[in-house]
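One structure is given here, and the rest of the page talks about it.
Here, each number is a calculation from the coordinates, and none is a lab measurement. Computed from a predicted model, the values in this text were never measured in an experiment. Don't worry about glycine lacking a Cβ; one is built from the backbone with ideal geometry, like all the others, and counts go over all protein chains shown.
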Amino acid sequence: MDFSFTEDQDTLRELTRKILGDLATPERIGAIEKSEEWFDRELWAELGKANLLGVGLPETQGGSGWGFFEVCLLLQEQGRAVAPLPLHGTLIAALAIARFGSDAQRERWLPGVAAGDVVFGVALEDEGGDDLRRPVVRATSGEDAVRLSGVKIHAESVAWADRILVTATDDAGQTGAYLVDPRGDGVSLERQQGTHYAPVWWVTLEGAPADLLDGADVGWIADRAVAGLCAIQLGVSERALEMTSSYGREREQFDRPIGSFQAFHQRAADAYVQTEAIRLSVWQAASRLDREEDPGDAVPVAKFWSAEGGQFVGYAAQHLHGGIGMDVDYPLHRYYMWAKHLELSLGSANRALAHLGAAAAR
């Protein structure tokens, strides 16, 4: 299949890369990593001004009217820059609202997302459950509202969010998606440190009131959440490989560039093959989801390669850099840390492989 980008898609990618390149410098990222917030609000505002945050949203709600494929292009560029932004959670939740929300929900939230005024978190993983399509959190209809009870783990962006997108199962066994106020009654947040320095949260819900996205398909949301993380991993891997190639040309040992040694060639070539496997599988999954087709096994295949290949590339890049790869004043270490975080987010490589094995056995 031909995954060549259109002229408009190339323009979108170049604009995003320009903004992130100008603002998400290693020095700026380092300062933000040390802050309590881990959120570059100035960079977020610039993306909003350029209408990049609304790339996958309808034009009637202030967006650009494009689709999930273009959202993945944006996420890929975040991975290349390792930019400290709540981009994944906000865009996935906004896509769910655009697809399943009522007119009132879309009007309330989506123009603010496109403008950079609204941030969303996502909470899809359950304590005690590893299948994103079968959430453990319970939804119970009360007199005044639907209320959620349970624990979500490794939730993104929730402390900065206007609302959290939470998946749950109701008393009839039907799964659904809900918007929850992170500062509302019955919600408590426990901050933890992610491998990539970003905070993640455990979200405990004790009868928390929730706003239902009527008819929401949890599988639809889960597929896009996983594929979006894979797109970030693609950006992380390809940029780490570019940095390694450049370093191999510049660093000399025994009066010759280290990139001229056969051992360097072999390790870098293996990392290149892994990166291309990530690329092919990511765009295969993204294109099917963009066309609203049944993705089949495309998403777990992308997840497997992003997890397996991403950690391989991250480790190989650090190995080929030698001691400087361990220096936290040198930017490469961030790519290794992001690759490890993304490897395990929303399911490991083994989990994706088990899914593929079970599907093949049917």
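With the contact rule set at Cα under 8 Å and sequence spacing of 6 or more, what percent relative contact order holds for the chain? Before the final figure, lay out the partial values.
Values: 689 pairs, mean separation 52.8, N = 362.
So the answer I get is 15 percent.
Explain nothing, just compute: Karplus ³J(HN,Hα) = 6.51 cos²θ - 1.76 cosθ + 1.60, θ = phi - 60°, for every residue of the stretch 280-296 in order, whole Hz, x for Gly and Pro.
For the stretch 280-296, the Karplus curve yields 4, 6, 5, 6, 5, 5, 5, 5, 5, 5, 4, 8, 6, 8, 5, x, x Hz.
As a check on your grasp of the helix formula, calculate [θ] at 222 nm for the chain: sum -39500 (n - 2.57) over DSSP H runs of n ≥ 4, divide by the residue count, round to the nearest 500.
Values: 11 runs with 187 residues, N = 362.
So the calculated ellipticity at 222 nm is -17500 deg cm²/dmol.
Would you please put 122-132, 334-344 in order of how densely packed they are, using the mean number of other Cβ atoms within 10 angstrom per residue and starting with the highest? Kindly include the intermediate steps, with their values, before the conclusion.
Working: 122-132: 19.5, 334-344: 22.9.
In decreasing order of mean packing, 122-132, 334-344 become 334-344, 122-132.
Arrange the peptides 18-31, 222-235 so that the one whose residues have, on average, the most other Cβ atoms within 10 Å appears first.
222-235, 18-31
If we sort 190-199, 309-318, 285-294 on the protection proxy, mean other Cβ atoms within 10 Å, highest first, what's the order?
On the way: 190-199: 15.5, 309-318: 24.4, 285-294: 18.2.
My ranking of the peptides, most packed first, is 309-318, 285-294, 190-199.
Please turn the phi angles of the stretch 116-128 into ³J(HN,Hα) values with the Karplus equation 6.51 cos²θ - 1.76 cosθ + 1.60 (θ = phi - 60°), one per residue in order, whole Hz, x for glycine and proline.
x, 9, 10, 10, 10, x, 10, 9, 10, 8, 9, 5, x
Amide H to amide H under 5 Å from Glu125: which residues, 5+ apart in sequence or cross-chain, H placed 1.01 Å off N in plane?
Sorted by chain and number, the residues that satisfy this are Ile153.
Which distance in nm do the two modelled labels at Glu292 and Asp144 give, with both placed 7 Å along the Cα-to-Cβ direction?
3.7 nm
Whole Å is fine, so just give me how far the alpha carbon centre of the stretch 1-75 lies from that of the stretch 136-211.
The two parts, judged by their Cα centres, are 26 Å apart.
Does anyone have the angle between helix 103-115 and the longest principal axis of the chain? Alpha-carbon axes, 0 to 90°, nearest 10?
It is inclined by approximately 30 degrees.
Of the labelled options [x] 0.98; [y] 1.02; [z] 1.05, which one gives Rg/Rh (Cα atoms, Kirkwood Rh) as computed for this structure?
From the options [x] 0.98; [y] 1.02; [z] 1.05, the structure gives [x].
What nm value, rounded to one decimal, do you get for the distance between Asp181 and His319 when each label is placed 7 Å out toward the C-beta?
Roughly 5.2 nm, to one decimal.
Expressed as an acute angle from 0 to 90° and rounded to the nearest 10, what is the orientation of the C-alpha long axis of helix 87-100 relative to the principal long axis of the chain?
Computed tilt is about 40 degrees.
Could you work out the relative contact order of the stretch 121-216? I mean the mean sequence separation of Cα pairs under 8 Å and 6+ apart, divided by the number of residues, in percent. If you can, show how the numbers build up before the last one.
Details: 242 pairs, mean separation 29.0, N = 96.
Over the stretch 121-216, the number comes to 30 percent.
How much length would be gained if the chain were fully extended between Ser35 and Asp170, taking 0.36 nm per residue of separation minus their Cα-Cα distance, in nm to one decimal? Working shown, then result.
On the way: separation 135, 0.36 × 135 = 48.60 nm, distance 3.89 nm.
So the extension gain works out to 44.7 nm.
Would you mind getting me the FRET efficiency between Glu127 and Asp103? Use the beta-carbon distance for r and R0 = 51 Å, nearest 0.05. Could the numbers behind the result be given before it?
Values: r = 34 Å, r/R0 = 0.67.
Between Glu127 and Asp103 the formula returns 0.90.
Which angle from 0 to 90°, rounded to the nearest 10, does the C-alpha axis of helix 332-344 make with the longest principal axis of the chain?
It is inclined by approximately 40 degrees.
Quick one: which residues, 5+ away or cross-chain, put their amide H under 5 Å from the amide H of Val55? H built at 1.01 Å from N.
Ser64
With the cut-off at 25 Å, tell me which of the pairs Lys303/Lys340; Lys152/Lys303; Lys49/Lys303 have Cα atoms farther apart than that.
Details: Lys303/Lys340 13 Å; Lys152/Lys303 21 Å; Lys49/Lys303 32 Å.
With Cα atoms farther than 25 Å apart: Lys49/Lys303.
Quick one: check the C-alpha center-to-center distance for the stretch 313-362 versus the stretch 84-124, whole angstrom.
28 Å
Given the options Arg133, Arg183, Arg239, state which has the largest fluctuation in a GNM of the chain using a 10 Å cut-off (strictly under) for Cα springs.
Arg183
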